[in-house]
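Q: Below is a structure I'd like to ask you about.
The values are calculated or read from the model by the stated rules, or taken from the named source; none is laboratory data. Bear in mind that the values here come from a model prediction, so they are computed numbers and not experimental data. Using ideal geometry, Cβ is built from the backbone for each residue, glycine included, and neighbour counts are taken over all protein chains shown. Just so you know, the surface numbers come from the protein's heavy atoms only, side chains and all, with ligands and any DNA or RNA stripped out. Shrake-Rupley method; radii C 1.70, N 1.55, O 1.52, S 1.80 Å.
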Amino acid sequence: MSQLSTRHLLGIKNLTEEDVNLILDTAENFKEVINRPIKKVPSLRDITIANIFFENSTRTRLSFELAEKRLSADVVNFSSSNSSVKKGETLVDTVNNILSMKVDMVVMRHSSPGAPHFLSKNISANIVNAGDGTHEHPTQALLDAFSMREKLGDLQGKKIAIIGDILHSRVALSNIFCLQKLGAEVMVCGPITLLPKHIESLGVKVELDVRKALAWCDLANVLRIQLERQQIKYFPSLREYSLYYGINKKMLRQLDKEIVVMHPGPINRGVELSSDVADSKQAIILQQVENGVAVRMAVLYLLAGVRS
């Protein structure tokens, strides 16, 4: 298989297992490219890509922009904070105005779940979902899977625990879909108030005790507490959350094996992870950031091959 089965990356749920493996295999080639002295290839030199972000972002936006420039694409950056969206312009009108300037591909982050799906039905350009509300964040899941595969090898049968704020996390859902397509066993762990109802219907194990989750897994992907998405209090305080669900070096030393620790960032140090874990050799957090550029290069390159 040398081409994706879809012309948009709206979510991992829409991808086949072959699509996921093709993206990860292509990312391996691009990782070699970005570690060369000359880090650019002319693969997308005739393509114009618009980064349209309706939510704040640092890592994802910079990672996409760097990936686009490494591929020699022309890049247009759009921020809703200083745009006509503030004057009442609709999403479709905003994007169509951008597309009228001959843009070929749109990378979009939006606070509303399903916004990229809606847009894909109304415009002709390829759409890449850079995160839609609490729904999905497909490129994060792909870079996480790439980083896991790099560290653990084939993920078939590997035990992956996703720990933290599962309820508000788009990373969790995309990771579950992606890891299951690659044959991994998945467990979610967190306070019961931060676990979606009927999460077990997705075929994942559910654990409320973080120590049991760490003892079970080969790799722990620890998620940030997303206070900006919480309309009510889901736990008494950050101090109490850290006491029961924060992961520190002492907890890892008590395990009878060495597990790998990941975090999509940004880290709330001293809440989800202590600094001695975040900065330890067991953590591959900075490798995730590096791999994000290679994976996004692969996504953009492959989608450019299935333009309508």
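Q: Modelled label-to-label distance, ILE192 and GLU290, 7 Å Cα→beta-carbon offset: nm?
A: In this crude label model, ILE192 to GLU290 measures out at 4.3 nm.
Q: Tell me what the chain gives for mean residue ellipticity at 222 nm when only DSSP H runs of n ≥ 4 count, each as -39,500 (n - 2.57), the sum divided by the residue total, rounded to 500 deg cm²/dmol.
A: Computed ellipticity for the chain at 222 nm equals -11500 deg cm²/dmol.
Q: Dividing the Cα radius of gyration by the Kirkwood radius, what Rg/Rh value follows for the range 3-55?
A: Across the range 3-55, the Cα-based Rg/Rh ratio is 1.02.
Q: OK, next. Anything over 19 Å Cα to Cα? Flag those among LYS13/LYS102; LYS181/LYS205; LYS257/LYS281; LYS40/LYS281, in the order listed.
A: As for pairs spanning more than 19 Å Cα to Cα, those are LYS13/LYS102; LYS40/LYS281.
Q: Tell me, what is the FRET efficiency for ALA215 and ASN21 to the nearest 0.05, using R0 = 51 angstrom and their Cβ-Cβ distance as r?
A: So, using R0 = 51 Å, E works out to roughly 0.95.
Q: Dividing the convex hull volume of the alpha carbon atoms of the chain by its residue count, what do you get in Å³ per residue?
A: About 135 Å³ per residue, rounded to a whole number.
Q: Give the value in nm², to one decimal: projected area of the alpha carbon convex hull of the range 69-190, averaged over all directions.
A: Across all orientations, the range 69-190 yields a mean hull projection of 9.3 nm².
Q: Over the Cα atoms of the range 177-223, Rg to Rh with Kirkwood Rh, two decimal places?
A: 0.94
Q: Cα centroids of the range 17-81 and the range 119-185: how far apart, whole angstrom?
A: If you average the Cα positions of each part, the centres end up 17 Å apart.
Q: Next up: Write down, largest first, the equivalent ellipsoid semi-axes of the range 163-279 in whole Å, where each equals the square root of 5 times an eigenvalue of the alpha-carbon gyration tensor.
A: 20, 19, 13
Q: Taking only complete DSSP H runs, can you tell me which helices of the chain stretch 27 Å or more along their own long axis by Cα positions and average at least 0.0 on the Kyte-Doolittle scale?
A: Long hydrophobic helices here: 285-304.
Q: Another question, then. Any chance you could run the full-extension gain for LYS102 through SER201? It's 0.36 nm times the residue separation minus the Cα-Cα distance, nm to one decimal.
A: The LYS102-SER201 span can extend by a further 31.3 nm.
Q: Express in nm, to one decimal, how much length is gained between LEU208 and LYS39 on full extension, taking 0.36 nm for each residue of separation and deducting their alpha carbon distance.
A: Result for the pair: 56.4 nm of gain on full extension.
Q: Once both labels are modelled 7 Å past Cα along the beta-carbon direction, what's the ASN56-LYS13 spacing in nm?
A: 2.9 nm
Q: While we're on this one: Hey, if you drop one equal point scatterer on each alpha-carbon of the range 121-186 and run the Debye formula without solvent, what base-10 log of I(q)/I(0) do you get at q = 0.13, 0.24 Å⁻¹?
A: Computed log10 I(q)/I(0) values: -0.39, -1.01.
Q: Still on this model: Quick one: grab Rg to one decimal and Dmax as a whole number for the range 105-153, Cα atoms only, in Å.
A: Gyration radius and largest Cα-Cα distance of the range 105-153: 13.0, 41 Å.
Q: If you don't mind, another one. Just need the relative contact order of the chain here, percent rounded to a whole number, with Cα pairs under 8 Å and 6+ apart.
A: It comes to 22 percent, rounded to a whole number.
Q: Turning to a different aspect of this structure: Based on Cβ point charges of +1 for Lys and Arg and -1 for Asp and Glu, what charge dipole magnitude is obtained for the chain about its Cα centre, in debye rounded to the nearest 20?
A: The calculated dipole for the chain is roughly 460 debye.
Q: Quick one: which of 160-172, 243-255, 96-108 comes out on top by average Cβ neighbours within 10 Å, and what's the full order, highest first?
A: Top to bottom by mean Cβ count within 10 Å: 160-172, 96-108, 243-255.
Q: Continuing with the same structure: Pick out which of ARG36, ARG149, ARG61 has the largest mean-square fluctuation in a Gaussian network model of the chain, springs linking Cα atoms closer than 10 Å.
A: Answer for the Gaussian network model of the chain: ARG36.
Q: Distances over 19 Å make up what percent of all Cα-Cα pairs in the range 1-128?
A: 55 percent
Q: Percent of accessible area on the chain owned by carbon and sulfur, 1.4 Å probe?
A: Exposed carbon and sulfur together represent 49 percent of the surface.
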